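Shown next, in structure tokens, is the structure this report addresses.
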Amino acid sequence: MSQPTCLQQRYLERFQQLDSLLATQRPYWQLQAFDCADYPTSWSEALIASLESISDEALAPLEQGSPLPALAEHFPALHALSDEALYPPAPQQPQETPFWLSRGMKGRKAEQVQRFSQATHNYGLPFVEWCAGKGHLGKLLSFHHQQPVLSLEWQQSLCEAGEQVAQQLKLPQRFIEADVLAEGVEQHLKPEQHAVALHACGELHLQLLRKGAEREVAALSVCPCCYHLIPAQRYQPLSREAKASSLALSKTDLRLAVQQSATGGARVQRLRHTEVTWRLAYDSLQQQLSGNNQYRPLPSINKQWFTQDDGFEKFCQWAADYHQLDLPDSLHLDDFLATGRQRYHLTRRIELVRRCFSRAIEQWLILDRALFLLQQGYRVEIQLLFEQNLSPRNFLIQARRA
């Protein structure tokens, strides 16, 4: 894989542009919508008017897709940086996969594994499959690229299942039971290997990048996922540029990068709307009773609660018990339910603005990883592996040691 100097420079320039924009526009994305009693005072009247002009019916498809095009006039710089021409589609090498090889792989996961194998560069190197599960990706890589695969997985049962299938198919795939976050895992990484990870969450893929660079692994192909699943409360940057940034991304900020609205059917949507309304209504109630004006979260609860005629009263009692609050007999719960509906109307529109920045934050995180590998002596290319409907986590980082 060639690495033109201009491409490296373009990655750096895009990171700097994103870093500056995210820093200056914090008031739009670095806030908690549930905590807001009204629109932030720093937001323009024109933006608020645009949000209020969106009906609830028109809001739903915007929540399920990208809301930025609908609000682009208010965020022209952000809209300009949403252009992903810098990241070409990952080239797909024609590969036939026999039915017996894909047995046990279903639905979107099967297509994702196939795409990853087709996009992975073949350097004639043995593979290390990071967070392998049953080793479905490793099986395809071994078959398509005619290379041995070492699959690392922490669950013994998955290792045993994967090993059994590999033996049945006579594939050179070996499993090792290993916690990739544990000390000493780097012993399985060697300079003459190609390490791969498909949708390894948060700290799992960060560990591969750090340990892989430290061990001078010859090549890396990584499709990141779930950036917020890290042990620290704040993101620990990798590259020099990200370490020098003024941004201090919390887990909440990182979760925004992968935030997806519920995309179920009409019944699922109705239940979700009822649930959020009730939670906000109860929060107004608890604030009045406790004098605490901060949103207080509640644990998950069976969705059947939200289908009952008298469910809101029972929900409030359950929530008050959880927060150790006494509910007076004289409460007018209908008033709080009306407040909950008003807050939900506001919350949905604030979240819409926050979600305009989701892809920009994800780009920032991906470029931090790419710049880190460049600084460790790798040639790097960022590609788009999937269409959004196959998986919104579709950035693929391919790196080859120079």
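What follows draws every value from the coordinates through simple rules; no lab data is involved. Owing to the predicted nature of the structure, the values given are computational and were not obtained by experimental measurement. Cβ coordinates were reconstructed from backbone atoms using ideal geometry, including for glycine residues, and neighbour counts include every protein chain displayed.
Structural remarks
- Some residue of the stretch 91-108 being crowded, with 21+ Cβ neighbours inside 10 Å and more than 15 Å from residue 173 (Cβ to Cβ): no
- When 220, 229 are screened for being more than 24 Å from residue 12 (Cα to Cα) and either in contact with a helix residue (DSSP H, G or I) (Cβ under 7 Å, 6 or more places away or on another chain) or part of a loop (DSSP other than H, G, I, E, B) (or both), only 229 passes.
- Note on the stretch 66-90: residues that are surrounded by fewer than 14 Cβ atoms within 10 Å (Cβ to Cβ) and not aliphatic (A, V, I, L, M) amount to 5.
- Answer from 339, 307 - the residue that is surrounded by fewer than 14 Cβ atoms within 10 Å (Cβ to Cβ) and more than 30 Å from residue 396 (Cβ to Cβ): 307
- Any chance residue 113 is touching a residue at least 60 places away in the same chain (Cβ under 8 Å), part of a strand (DSSP E or B) and within 27 Å of residue 216 (Cα to Cα): no
- Of everything listed in (1) closer than 22 Å to residue 56 by Cβ; (2) under 32 Å from the mean Cα position of the chain (by Cα), the single unmet condition for residue 335 is (2).
- Being closer than 19 Å to residue 372 by Cα, of a type in the set (Val, Ile, Thr) and without any contact (Cβ under 8 Å) to a residue 60 or more places away in the chain is true of residue 230.
- All positions within the stretch 381-402 that are closer than 10 Å to residue 220 by Cα and either free of Cβ contacts under 8 Å to residues at least 24 places away in the same chain or not hydrophobic (A, V, I, L, M, F, W, C) (or both): 398, 400, 401
- Residue list for the stretch 25-55, restricted to those being loosely packed, with under 11 Cβ neighbours inside 10 Å and either of a type outside the set (Gly, Ala, Ser) or within 23 Å of the chain's Cα centre (by Cα) (or both): 38, 41, 45
- Selection within the stretch 239-293 - touching a residue at least 24 places away in the same chain (Cβ under 8 Å), in a loop (DSSP other than H, G, I, E, B), under 30 Å from residue 24 (Cβ atoms) and in contact with a helix residue (DSSP H, G or I) (Cβ under 7 Å, 6 or more places away or on another chain): 239, 245, 246, 247, 257, 259, 261
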